[in-house]
Amino acid sequence: MTNGIDITSPTWRTVQQFVEGQVANERVRNDSTALDALQTAELRGRIAAFKSLLALGKPAPEIVADVGDY
């Protein structure tokens, strides 16, 4: 498990596929030249939120203490 999420479960795989699809759709919309700066910022925020959901399925980086040579 990663962050309390079973990344091998069918539920997580369904969520992951949905979120990846949403990221792809929002990127296509973001590439549109018809969007103003505010709309572009909103889409970028949505993409960032979706990516943060996907990050829940990745292990947290290991923190290693630097003992140094003091």
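Using a 1.4 angstrom probe, figure out how much accessible area the chain has per residue, in square angstrom, rounded to the nearest whole.
81 Å²
With +1 assigned to the C-beta of every Lys and Arg and -1 to the C-beta of every Asp and Glu, and no other charges, what is the dipole magnitude of the chain about the Cα centre in debye, to the nearest 20?
Its charge dipole is roughly 340 debye.
If you roll a 1.4 Å probe over the chain with all protein chains in place, what percent of the accessible area is carbon or sulfur?
In the chain, the share of accessible area belonging to carbon and sulfur is 57 percent.
Starting from segment 6-70, pick out the GluC sites (Glu not before Pro) whose DSSP state is loop and whose Cβ has at most 10 other Cβ atoms within 10 Å.
Here the GluC sites (Glu not before Pro) that fit, given the DSSP loop and packing criteria, are E62.
With springs connecting C-alpha atoms under 10 Å apart, model the chain as a Gaussian network and identify which of L56, L35, L43 has the largest mean-square fluctuation.
Checking each option, the largest mean-square fluctuation is seen for L35.
Taking Cα pairs under 8 Å and at least six residues apart, what relative contact order does the chain come out at, in percent?
Here the relative contact order equals 47 percent.
Distance from a point 7 Å along Cα→Cβ of Q16 to each backbone N in segment 31-69: keep the residues under 18 Å and list them by number.
Backbone N within reach: 50-61.
If R₀ is 22 angstrom, what is the calculated FRET efficiency for the pair D31 and L54, using the beta carbon separation as r and rounding to 0.05?
0.65
The values are calculated or read from the model by the stated rules, or taken from the named source; none is laboratory data. As the structure is a computational prediction, the values presented were derived from the model and not from experiment. With ideal geometry, Cβ positions are generated from the backbone for all residues, glycine too; neighbour counts draw on all protein chains shown. For the accessible areas, the whole protein counts, side chains as well, though only heavy atoms, and no ligand, DNA or RNA atoms are used. Shrake-Rupley method; radii C 1.70, N 1.55, O 1.52, S 1.80 Å.
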